[in-house]
Each structure stands twice: as structure tokens, then as C-alpha cells.
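What follows draws every value from the coordinates through simple rules; no lab data is involved. No experiment lies behind these values; they were computed from the predicted model shown. As a convention, Cβ positions derive from the backbone with ideal geometry for all residues, glycine included, and neighbour counts pool all protein chains shown.
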Amino acid sequence: MTTAPSTGAETSTETPTTTAPARITLAFGGDVHFAENLTALLRTGNPDLAGLRRHLGAADLAVVNLETAITTRGTPAPKRFHFRAPPSALDALASVGVDAVSLANNHAVDYGRVGLTDTLAAREDAPVPVVGIGRNATDAYAPAYLDARGVTVAVIAATQVPDWTLATWPASSSRPGIASASATARLVAAVRAARRRAGVVVVYLHWGTDYTTCPDAAQQATAKALARAGADVIVGAHAHRVQGAGWLGRSYVAYGLGNFVWWRSAEPDSRTGVLTLTLEGRRVVRARWTPMLVGDDGVPRAPARADKVRLWRVWNQARGCTGLRATPPTG
């Protein structure tokens, strides 16, 4: 239908309409591996692992950090701890509602070049996108673009842990490896590029100081840089502790989600949970923390009510040293 140009004299009888921003939910868990006594969890249809689906699968999208090389080969790296799992680890995560996996961490290359080659091959056949690792830097920093109720969500991942992995296997223009956040320029550029294409930009980071409940200076500086660049959600893990979370301006930051599917089941290592964020457009309007404890089998579960209340208080108290707001900004 063609309409004539307006003369400015006619009066419209139509009522203007506005479209409310789409409302979506994003769920996040912390560090996962399937090494040592956790290999049994990869058994097809494992009922204990399947219980996580009600927490992760209920969201429109769910993301975790898979802290392991995906290989059955290779030589252990010169470091204390080594984690690896077969490609079925990715199938197991997909089966409980995980929609994207970060491999930007200090265990992704625990079995050297051979293990990295296998990991990249497994990524190609994975049932869910794997981010934060790649054939080169362009590949490692590339987001996964996912659809949530018609909203395009970009998920980017990088590691800031200053260890053997980051020193030896940072992805470069000519070399495979993990995406680094030790110098933020490349990560900031990735966020800005994703901002032009996606409705929501999520950055999942491996960062922080082991066994601490407060974010370190590098975490806080990185979070501010990413928020300025346009990241809407910035979450992370690595410290083996639950760290504080809240609003940094209009961005939501969760510094530490703790261990998730893990081999240590005593507190405080076992304190964990699922963070579920509700977004309207780009804005996080609600954050819900579901406290959990890792069991002897490595699977996190919601505890008894008394522990649930106690752990929820631990989560909220951790915000005290972050400078983050407990509620979203108004206006």
C-alpha cells in the first residue's frame, strides 16, 4: 500500500502503540569437570546429574564453565592438577539444559598440544556452542550467538588466571589456544563488535584469586572496562568461592559462582548455586540465586531449608566488598 506524503494538516485517529522489551531468563553455573571420581556422572541418563535440569533447563539459556581438556590422550602439563574428560562431557551438559560452554580457563590445555587438538575437534561436533578457545585468536574470541525468545544473545568467554596455561597457550593470529583477558583491549573489542549485532551481550570470565571471597583489583578493573564497552552481563568463576554480585551501573556483575560439578564436597569449597537473571531488553531487572551444596558424588543440590537460608545470606554478604548495587538502577 502506498500513502501520500503528509501535508501536516491531517489529524491521525490511530492510537500510538509501544512494544514492551522482550523478557528472557539466563542461568549460570560455575566450574564443572568430570575427572577422578566424577567420571561416573557421564553414564548415560545419570539420574543425579539429570536433577540439574530443573535449575538450568528452566531458563531460556544456560551457561557454565567446563574446566577440563576434552581428550583421552596427551601428556600432562607441568602443573599440579590435571582435568580431562571425553567428548561425552559436552553431551552430558547439553542433556541438563546447558546451551553454551566456556572453555576459557586454566585447565583447557592440561594435556598439551595433543589434548588441545582433540578439544578443538570435540568442539566442532559438540551439541552446544563452545566459546573461549579456538584455532586462532579470532576464533577464540568469537561469540556464540544464541536465540532466546527472539532475542539474540552473544556469549563471549576469556580467562584472566595468570598461570601456566595462559602463559603457554594464549590464542594468537597463528596459534591455537584460549582467549585471554589479561590485557583487556582484545576482549573489549570483541564486546563492542558483539554489541552491534546482539540484543544482549554476556561475558563469562575465569578470573580472581584462589580461595578469596572478594574480587581482586584486576577483576574490578576488567568488569568496569567491559561494562563501558557494552557488556550487559559479566559473570565468572575460578576462585573456588562464592564472590559478590550485583549491578555495576546498568550492567550486572557476578564475580564468582564457585565450583559447580566438582570433586570437593566440604564447605566452603562445596558452596555453589545457580544464578538466574531476568532481563527486559538489555536490562537485568531481577537476579535470583539458588543456593546449593556439592555432594560427595560431585553434583550440586539444593540443601535443607536451614542451610539454604544460611547460604543465601553468604551470597548476599559477599557483595559487601564489591562496590556493586543490590538493586537495579531506576530510570
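See the values below:
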| quantity | calculated |
| --- | --- |
| On Cα atoms only, tilt of 305-317 relative to the major axis of the chain in degrees | 70 |
| Around P329: net Lys/Arg minus Asp/Glu count, Cβ-Cβ under 9 Å | +3 |
| Relative contact order %, the chain, counting alpha carbon pairs below 8 Å whose residues are six or more apart | 16 |
| Nearest-0.05 FRET efficiency for T39 and A185, computed from C-beta distance (R0 41 Å) | 0.55 |
| Potential lengthening between R197 and S173 on full extension [0.36 nm per residue; Cα-Cα distance subtracted] | 6.3 nm |
| GNM top mover of A306, A77, A69 - the chain, alpha-carbon springs below 10 Å | A306 |
| Between the stretch 266-331 and the stretch 54-81, the Cα center-to-center distance that results, in Å | 21 |
| CD proxy at 222 nm, helix term only [per DSSP H run n ≥ 4: -39500 (n - 2.57); per residue of the chain; nearest 500] | -6500 deg cm²/dmol |
| Within the stretch 88-103: backbone nitrogen closer than 20 Å to the W164 label point (7 Å, Cα to C-beta) | 103 |
| Dimensionless Rg over Rh [the stretch 160-247; C-alpha; Kirkwood] | 0.97 |
| Length gained when the stretch R54-D296 is fully extended (0.36 nm per residue, less Cα-Cα span) | 85.1 nm |
| Per residue Cα convex hull volume in Å³ - calculated over the chain | 174 |
| Residue with peak Gaussian network fluctuation, the chain [Cα springs, cutoff 10 Å], from R313, R301, R283 | R313 |
| Counting all C-alpha pairs of the stretch 139-198, share separated by more than 19 Å (%) | 35 |
| Most mobile listed residue (A158, A217, A194) in the chain, GNM with C-alpha springs under 10 Å | A217 |
| Least to most buried among S174, S182 (fewest other Cβ within 10 Å first) | S174, S182 |
| Total formal charge among the other residues, if their Cβ is under 14 angstrom from that of S95, Lys/Arg +1 and Asp/Glu -1 | 0 |
| Set of the stretch 86-108 residues, backbone N closer than 17 Å to the point 7 Å along the Cα-Cβ line of D216 | 105-107 |
| Kirkwood Rh (inverse of mean 1/r, distinct Cα pairs), the stretch 240-331, angstrom | 13.7 |
